[in-house]
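After the structure tokens below, expect a handful of questions from me.
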Amino acid sequence: MYATKNKLLLLLFTVVLAQWACKPEPIEGPTNAIAISAIVYSDNPQTWTNHNKGGVDYIITGRILFQVNSTLTIEPGTEIVFENNGSLEMGNTSIHATGTAAEPILFRGKDNTRGYWKGIVLYGKADNQLIYCTIQDAGAGTGSSVGNVVVGNGLGDAGLTLTNSRILNSASAGLHIHDESTLSAFSSNTITNCDYVASVTANSLGQLAGTANVLTGNTNEQVKVKGVQVRKSGLWPALPVSFLFSGNTQLENEITVEAGATLLFDADAEIILFGNASTTAKLFANGTPAKPILFKGANTTAGYWRGIKVNKGLAQFSYCQITDGGESGTSPNNGIFYITQALGSVNVTIQNCTVGNSSNHGICIRTNTLASVVQSNNLFSNIAGNNVHSW
């Protein structure tokens, strides 16, 4: 009888122990953590403090929207945990989250899962700061304006100083930059284990030209670039990852593509040099033998993307590889390059380039434009039409 009773007690203890072991680990320091779940309208500046040393300081349980003309300051070492689908949105309010190397600021999901919360969204202010911060487990949502950190959206643009920070474990882009938004500084950051490195428009692509950034280790080693009217002059940098363009990228200012850059193009994407009475586009894509510039289809199929069109302006291409374009079936007078004086005078140089895998011609030039195009030492391969065609 005693043996049976001891066996029952042992069985009961084993069941209780197993149930206890399967329980999720609670958030460290929940007693002192402050729960926040309301829209903040106060005009007074606020400070979130590192009051729970070694534990969680704040738990965000919903959509937190600061909709005031003020500032939220976050102290070094502060840890902020987000419940599922939580977010921190700074509407016309600045965030100054300045940690240190010894005491970084942590924004994380309660669960270490990609897309567990929505992210930090900034709009309306130019003096935002994320310095020595870690932002992880976010990127939930649909559409183009999603990411662990979103700089600007349809409600307004924003500015951000982003340095010495880590952005990781995003279900979408690590960083999203809206059209007219800016990175005042972008250096010594790491973006890794995200779906994409970043998503930007062609008008804000130059914002990624920072130093000492680590941008590898993501599912897609790409920056998604939405084609728009490019009104800002700037440098499209050579990064350790490629740019993936979609849509129509219309240049209306001066753009320089850094040697070694890789530009991929989605189906039907194109680059057009365009101008009006007050603007003239300029595109300088000068690679080197060691660092050529690549303009390629995202799929290595002839005619996958439309190509490069020069309707007005100045364009220079040297040591470039331009492949997979040609736009077959739309016109017999088309090619990877399409050059015409449709909107004004042009000045084009193409030298020491590889032009290949075209479903139409290689370089297609309107007859009245021939004198404005200089070609030398170019290599053509797998061209369905003529290497150089004029009409």
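The values are calculated or read from the model by the stated rules, or taken from the named source; none is laboratory data. Please read all numbers here as calculations on a predicted model, not as lab measurements. Counting neighbours? That spans all protein chains shown, and the Cβs are built from the backbone with ideal geometry, glycine included.
Just for strands (runs of 3 or more DSSP E) wholly inside segment 243-297: which have at least 2 residues that are more than 17 Å from residue 354 (Cα to Cα)?
248-251, 254-257, 270-273, 282-286
Separate question: Select from segment 171-214 the residues that are closer than 22 Å to residue 257 by Cβ, out of contact with any Pro (no Cβ under 7 Å at 6 or more places or on another chain) and in a loop (DSSP other than H, G, I, E, B) and list them in ascending order.
Within segment 171-214, 179, 180, 181, 210, 212, 213 qualify.
Which residues, counting only those in segment 305-341, are surrounded by 24 or more Cβ atoms within 10 Å (Cβ to Cβ) and of a type in the set (Phe, Trp, Tyr)?
305, 317, 337, 338
Tally the residues that are surrounded by fewer than 21 Cβ atoms within 10 Å (Cβ to Cβ), within 24 Å of residue 259 (Cα to Cα) and touching a residue at least 40 places away in the same chain (Cβ under 8 Å), restricting the search to segment 355-383.
0
Among the candidates 38, 101, single out the residue that is in the same structural domain as residue 151 (by TED's automatic domain parsing), at pLDDT 95 or above and aliphatic (A, V, I, L, M).
101
Just wondering, is there one or more residues in segment 138-157 that are touching a Pro at 6+ places or on another chain (Cβ under 8 Å) and either more than 23 Å from residue 79 (Cα to Cα) or not in a strand (DSSP E or B) (or both)? Spell out the reasoning first.
Restricting attention to segment 138-157, the residues satisfying the condition of being touching a Pro at 6+ places or on another chain (Cβ under 8 Å) are none.
Scanning segment 138-157 turns up no residue that is touching a Pro at 6+ places or on another chain (Cβ under 8 Å) and either more than 23 Å from residue 79 (Cα to Cα) or not in a strand (DSSP E or B) (or both).
Within segment 106-123, how many residues are surrounded by 19 or more Cβ atoms within 10 Å (Cβ to Cβ) and over 20 Å from residue 164 (Cα atoms)?
Residues in segment 106-123 being surrounded by 19 or more Cβ atoms within 10 Å (Cβ to Cβ) and over 20 Å from residue 164 (Cα atoms): 8 in total.
Within the set of pairs 6 or more residues apart or between chains, which connect a residue that is within 14 Å of residue 130 (Cα to Cα) and not assigned by TED's automatic domain parsing to the domain that holds residue 53 inside segment 74-91 to a residue that is at pLDDT 95 or above and surrounded by 24 or more Cβ atoms within 10 Å (Cβ to Cβ) with Cβ atoms less than 6 Å apart?
Here the result reads none, with nothing in segment 74-91 linked to a residue that is at pLDDT 95 or above and surrounded by 24 or more Cβ atoms within 10 Å (Cβ to Cβ).
I'd like to verify a number: residues in segment 44-72 that are over 17 Å from residue 117 (Cα atoms) and in a loop (DSSP other than H, G, I, E, B), how many?
Of the residues in that region, 14 qualify.
Next question. Taking segment 86-135, which residues are among the β-branched types (Val, Ile, Thr), under 15 Å from residue 63 (Cβ atoms) and in a loop (DSSP other than H, G, I, E, B)?
Step one: filter segment 86-135 for residues among the β-branched types (Val, Ile, Thr), giving 93, 95, 98, 100, 105, 113, 120-121, 131, 134-135.
Pick out the ones that are also under 15 Å from residue 63 (Cβ atoms) and you get 93, 120-121.
Correct list: 93 only.
Could you list, in sequence order, the residues of segment 48-63 that are under 19 Å from residue 90 (Cβ atoms), crowded, with 18+ Cβ neighbours inside 10 Å and not hydrophobic (A, V, I, L, M, F, W, C)?
Residues satisfying the conditions are 57, 58.
Checking the conditions here, which among 344, 297, 260 is touching a Gly at 6+ places or on another chain (Cβ under 9 Å) and either without any contact (Cβ under 8 Å) to a residue 12 or more places away in the chain or crowded, with 21+ Cβ neighbours inside 10 Å (or both)?
Step by step, each of 344, 297, 260 is checked, and only 297 is touching a Gly at 6+ places or on another chain (Cβ under 9 Å) and either without any contact (Cβ under 8 Å) to a residue 12 or more places away in the chain or crowded, with 21+ Cβ neighbours inside 10 Å (or both).
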